[in-house]
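Read through the structure below, which is laid out as structure tokens, and then see the notes.
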Amino acid sequence: MKNNDTANKVVVLGKTFNSDEERRSYFREELRKKLPELKKMEGFPIGKDEDILNLSDAPYYTACPNPWLNDFLAEWEKEKKVIEKQGKRFAEFEVNEPYAADVSEGKKNPIYGGHSYHTKVPHPAIMKYILHYTQPGDIIFDGFAGTCMTTVAANHCEKTDSKLELKLEYENKEEIIWGKRHSISSDLSPVATFIGSVYNKNINIQHFYNRALDIINNVRKECGQFYKTKHSNGVNCDINYVVWSEVFSCPSCSTEHDFWSLAADENLGKIISNFNCPKCNTNISKKGMDRVLISEYDSVLKLAINKSKRVPVYIEYSYLDKIFYKKPDAFDFSLLEDLGDLNIKEFFPSVRMPIGSEARRNDKVGITNVHHFYLKRSLFYLSKIFSNCDSNELKFLFTAALTGLSLQQRYRPKSGFPNMIMSGTLYIGSLNREWNVLNWVEGKLKGLVKTFNYNDIEKAGVISNHSATECPVNDNSVDYIFTDPPFGANLSYSELNYIWESWLKVYTNSKKEAIENKSHSKDIFVYNSLMTDSFKEFHRILKPGKWMTVEFSNTSASIWNGIQTSLQNTGFIICNVSALDKQQGSFKAVNTVTAVQQDLVISCYKPSSEFDEKFIQNKNTLVGVWDFVEEHLHHLPIHLIKENATTAIVERTPKILYDRLISFYVQRNLPVPIDASKFQQGLQDRFIERDGMFFTNEQVQEYDTKKAAVPNFTQLSIFVANEQDSIYWLRNILEKDRKTESDLNPFWMKEVAGNMRKGDTLPEMRTILEENFLKDDSGKWYVPNPENEADLEKLRTKRLLKLFEIYKTEAAKPKAKIKEVRVEALRAGFKQCYQDKDFKTIVTIGDRIPNNLLMEDEVLLQFYDIASSRV
């Protein structure tokens with residue numbers, strides 16, 4: 001029910017209450033009783049019981065593991081039968097293909113901009129996946145939910161903005177089944193789930209607006225004198241913002257200068273890199289100067305601290321509805337002196353920033369504790385406002401405004417952007433804009449009214465604060481998973497969230513935080529292990545035959561590979577990778593050459609119970625191999641169009657199909673019963689090839705029909721970065737026409753030179769030709785027929801295993817490091833060791849080879865991970 005209809009009874013989990021407040025009080029006390037047991041769970045947040053209870057809105061949202069998740073699941077399962085009787089869902093509903101189209105969705109909607117967070121997927125983008133994979137009544141889960149955009153998306157599948165509805169209807173190739181989906185969103189971060197809980201709370205918007213406006217106006221009436229400055233005629237005016245500047249000293253004459261006077265060019269609207277010292281005329285830059293530090297008594301910490309000297313240099317104010325600018329005068333400095341002596345009585349956090357390279361990056365300039373991130377005037381007004389925030393929606397408004405009012409708010413001359421925070425970091429620049437807190441919060445309030453009005457629909461989601469490595473959800477309980485996991489070392493969420501969480505008094509328990517972070521002693525192996533534990537839980541709670549979508553962004557091949565390996569090691573089968581374009585890049589994405597411009601979306605599925613039973617019966621025969629391939633082909637896209645052309649589907653190529661087969665067998669601790677050449681021959685015998693891809697008989701008819709309508713064909717672009725790629729690159733050329741070695745050599749040098757990974761030894765082209773192809777009497781190389789190819793494969797494997805024995809001998813030496821290897825020899829050797837259950841050799845050699853080779857090769861990493869768990 002909606003909160004603005006308080007006259008109605010409230011029914012939750014079979015219990016009836018006279019009001020929402022009565023419901024809240026009852027479940028709060030129930031949660032209090034459950035806390036001792038919940039504290040045993042992984043990821044239980046750090047905070048006092050009362051603070052956790054006060055932040056929670058049980059049973060819909062708990063700032064700790066939610067003990068009512070399975071109660072909601074049971075209720076939702078019963079509801080499905082009712083919906084089926086109404087004809088709004090179908091018992092036989094089944095999804096055979098992934099959502100394979102690339103998704104482009106902007107961030108400019110009222111929900112996305114309501115509250116900042118480090119990474120968010122726009123809810124309309126998530127809706128496209130939900131509408132493809134689910135039907136009304138289905139249950140969706142997101143275990144790395146952040147601010148719970150997945151739950152927002154699930155709610156909007158019942159009712160959404162009419163323009164968005166038309167857009168989705170137009171873009172979707174199949175009929176959309178609109179209707180309520182239920183969802184569970186969880187995250188390790190208390191502030192993330194708190195933000196998500198308000199996004200997914202039924203709010204009396206008018207009451208919220210009036211209450212917030214009263215708070216702002218009351219504080220302005222009581223304490224507004226500290227945002228005054230004088231116009232040229234002596235009239236008091238309201239300050240809009242003040243620019244503060246760090247002070248530096250000239251390396252030549254030691255004269256102190258504020259950075260604003262040296263480097264800010266108001267006419268050009270930019271910061272100058274090089275400038276002359278006004279005192280001695282020496283040409284200098286910011287890097288060449290020394291930051292001036294001053295000693296100041298911190299009345300909160302009760303000790304003297306050294307901090308960067310900052311001075312006010314520029315004021316924007318309003319007079320008679322016009323904007324004016326001025327340098328601070330005696331009145332302004334006198335006002336700041338009065339502020340300096342002010343004793344702030346209301347609560348504000350003053351805790352030490354946690355250990356971490358990001359959290360403590362500002363220690364060198366004296367910003368060591370949370371309250372140091374705010375100028376005294378901002379802190380005074382923020383504490384006044386926060387002391388009146390007596391509901392979660394008011395606290396939401398407060399945290400939404402918080403970062404923009406800190407020293408993280410940079411200033412650039414003539415910039416049209418009011419908010420100049422560098423995302424993903426706690427960076428503090430040399431020029432800071434101190435906004436009028438009261439005006440800023442009031443502006444944010446008006447924006448949130450638009451957000452809440454846009455999102456003013458019946459909410460159905462449930463939110464929990466727990467680690468993804470331990471989900472308090474029953475086995476085989478959810479119908480679909482959409483998740484956006486942490487991206488290796490990209491962001492240190494617990495450090496970035498610390499300031500927000502210090503105001504809420506509930507902190508992230510970072511022990512199980514799935515990131516790479518040297519300060520927390522978490523390397524890539526720890527990250528992969530945590531991701532594997534998380535995906536293992538996701539696989540456990542997902543129903544058989546259902547799908548998971550993993551949105552992912554990282555420039556590191558090793559992290560990307562680790563994610564795929566973690567998925568496969570836990571039983572998921574990957575069947576498609578496509579792009580998600582959020583359109584508006586972050587500061588780093590726009591300005592950094594190596595930044596990922598588009599996120600990638602991995603589609604994977606949990607095999608059905610029927611297939612598992614069938615496979616168990618045939619697991620020791622080749623029948624099991626072809627059962628798997630047929631099952632997998634039925635889950636792959638049949639026809640893709642990009643830029644008005646039929647596009648090759650990499651998952652249908654022999655190379656990827658064989659890699660998926662290996663992963664499937666290794667994950668189940670079974671020997672791989674077929675080599676690559678026999679596998680390819682079997683593909684050709686049992687399935688139908690088109691454009692280098694394989695299809696079932698039914699699928700190929702659909703492919704041929706659809707391709708005829710879009711005849712232009714885009715061949716897969718083969719980027720040669722390793723030996724396996726080079727073999728497929730040569731095969732692609734030689735399948736079209738026989739060629740001599742001299743014919744191939746110019747193309748080989750162009751495609752392969754400089755592309756190899758460090759430490760990976762690529763054989764000469766002649767060696768690869770001899771091991772994988774045949775030569776006719778005229779000296780031209782060609783692709784062998786399946787029988788000859790099988791013989792070549794045997795000879796090649798023999799040579800590779802012989803080379804692997806050399807690596808094995810080298811690795812046995814104490815503290816030996818193998819700097820260069822032939823990766824294909826490692827693949828063959830690891831596979832043989834796995835078949836022989838010689839896991840120790842896999843681990844020993846894996847620890848001796850260059851780390852990037854292990855982490856960037858999907859097959860090697862999977863063998864190593866499995867072996868590590870068995871040594």
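The values are calculated or read from the model by the stated rules, or taken from the named source; none is laboratory data. Quick caveat: nothing in here was measured; it's all calculated off a predicted structure. Note that each Cβ is placed from the backbone with ideal geometry, even for glycine, and that neighbours are counted across all protein chains shown. Ligands, DNA and RNA are excluded from the accessible area calculation, which covers all protein heavy atoms including side chains. Shrake-Rupley method; radii C 1.70, N 1.55, O 1.52, S 1.80 Å.
Below, the figures for the structure above:
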item	result
Residues of region 20-53 classified as in a loop (DSSP other than H, G, I, E, B), touching a Ser or Thr at 6+ places or on another chain (Cβ under 8 Å) and open to solvent by 40 Å² or more (accessible area, probe 1.4 Å), total	1
Subset of region 361-386 [farther than 17 Å from Leu426 by Cβ, in contact with a helix residue (DSSP H, G or I) (Cβ under 9 Å, 6 or more places away or on another chain) and not hydrophobic (A, V, I, L, M, F, W, C)]	Lys376, Arg377, Tyr381, Lys384
Within region 804-834, considering residues that are free of Cβ contacts under 8 Å to residues at least 24 places away in the same chain and not in a helix (DSSP H, G or I), the one surrounded by the most Cβ atoms within 10 Å (Cβ to Cβ)	Lys813
Flag for Cys64 being within 19 Å of the chain's Cα centre (by Cα), open to solvent by less than 10 Å² (accessible area, probe 1.4 Å) and either within 16 Å of Asp479 (Cα to Cα) or in contact (Cβ under 8 Å) with a residue 12 or more places away in the chain (or both)	no
Any pair with Cβ under 9 angstrom, 6 or more apart, that starts in region 629-642 at a residue that is in contact (Cβ under 8 Å) with a residue 24 or more places away in the chain and ends at one that is among the charged types (D, E, K, R) and part of a loop (DSSP other than H, G, I, E, B)	His634/Glu97; His635/Glu97; Leu636/Glu97; Pro637/Glu97; Ile638/Glu97; Lys642/Asp102
Positions within region 408-429 being open to solvent by less than 10 Å² (accessible area, probe 1.4 Å) and hydrophobic (A, V, I, L, M, F, W, C), in sequence order	Leu426
All positions within region 275-311 that are within 16 Å of His371 (Cα to Cα) and among the aliphatic types (A, V, I, L, M)	Val300, Leu301, Leu303, Ala304, Ile305
Matching residues in region 331-344 - criterion: being part of a loop (DSSP other than H, G, I, E, B), exposed (fewer than 13 other Cβ atoms within 10 Å of the Cβ) and in contact (Cβ under 8 Å) with a residue 24 or more places away in the chain	Asn343
Restricting region 93-104 to residues that are under 30 Å from Ala74 (Cβ atoms), in contact (Cβ under 8 Å) with a residue 60 or more places away in the chain and not hydroxyl-bearing (Ser, Thr, Tyr), the residue that is surrounded by the most Cβ atoms within 10 Å (Cβ to Cβ)	Pro98
Any pair with Cβ under 7 angstrom, 6 or more apart, that starts in region 759-775 at a residue that is at negative phi and ends at one that is open to solvent by less than 60 Å² (accessible area, probe 1.4 Å) and of a type in the set (Lys, Arg)	Thr761/Arg822; Pro763/Arg822; Glu771/Arg796; Asn772/Arg796
Residue match in region 779-789 (condition: open to solvent by 10 Å² or more (accessible area, probe 1.4 Å), touching a Ser or Thr at 6+ places or on another chain (Cβ under 7 Å), modelled with pLDDT under 90 and farther than 20 Å from Tyr658 by Cα)	no
Residue match in region 747-763 (condition: under 30 Å from Asp865 (Cβ atoms), part of a helix (DSSP H, G or I) and open to solvent by 40 Å² or more (accessible area, probe 1.4 Å))	no
Lone unmet requirement of (1) in contact with a helix residue (DSSP H, G or I) (Cβ under 8 Å, 6 or more places away or on another chain); (2) in a loop (DSSP other than H, G, I, E, B) for Met127	(2)
Any strands (runs of 3 or more DSSP E) falling wholly within region 460-552 and containing at least 1 residues that are among the small types (Gly, Ala, Ser), modelled with pLDDT under 95 and crowded, with 23+ Cβ neighbours inside 10 Å	461-465
Residues that are buried (at least 16 other Cβ atoms within 10 Å of the Cβ) and in a helix (DSSP H, G or I), drawn from region 273-326	Lys286
Members of region 719-735 that are modelled with pLDDT of 80 or more and of a type in the set (A, V, I, L, M, F, W, C)	Ile727, Trp729, Leu730, Ile733, Leu734
Elements of type helices (runs of 4 or more DSSP H) in region 132-227, at least 2 residues being within 30 Å of Lys543 (Cβ to Cβ)	149-156, 162-171, 190-199
Residue tally, condition closer than 19 Å to Phe194 by Cβ, touching a His at 6+ places or on another chain (Cβ under 9 Å) and open to solvent by less than 10 Å² (accessible area, probe 1.4 Å), over region 105-142	2
Which listed residue, of Gly47, Gly43, Gly87, is among the small types (Gly, Ala, Ser) and either under 30 Å from Glu651 (Cα atoms) or touching a strand residue (DSSP E or B) at 6+ places or on another chain (Cβ under 7 Å) (or both)	Gly47
Selection within region 652-696 - part of a strand (DSSP E or B) and open to solvent by 40 Å² or more (accessible area, probe 1.4 Å)	Ile688, Glu689, Arg690
Any hit, region 430-445, residues being in contact with a helix residue (DSSP H, G or I) (Cβ under 7 Å, 6 or more places away or on another chain), among the hydroxyl-bearing types (Ser, Thr, Tyr) and either surrounded by 23 or more Cβ atoms within 10 Å (Cβ to Cβ) or assigned to a loop (DSSP other than H, G, I, E, B) (or both)	yes
Residue tally, condition β-branched (Val, Ile, Thr) and outside any strand (DSSP E or B), over region 228-272	3
Any hit, region 856-867, residues being part of a helix (DSSP H, G or I), in contact with a helix residue (DSSP H, G or I) (Cβ under 8 Å, 6 or more places away or on another chain), in contact (Cβ under 8 Å) with a residue 24 or more places away in the chain and open to solvent by 50 Å² or more (accessible area, probe 1.4 Å)	yes
Qualifying residue in region 796-803 (condition: charged (D, E, K, R), without any contact (Cβ under 8 Å) to a residue 12 or more places away in the chain and assigned to a helix (DSSP H, G or I))	yes
Test result for Phe396, open to solvent by less than 10 Å² (accessible area, probe 1.4 Å), farther than 28 Å from Asn236 by Cα and hydrophobic (A, V, I, L, M, F, W, C)	yes
The lone exception for Asp214 - which of (1) open to solvent by 10 Å² or more (accessible area, probe 1.4 Å); (2) under 18 Å from Ile272 (Cα atoms) it fails	(2)
Among (1) open to solvent by less than 30 Å² (accessible area, probe 1.4 Å); (2) more than 31 Å from the chain's Cα centre (by Cα), the one test that Ala153 misses	(2)
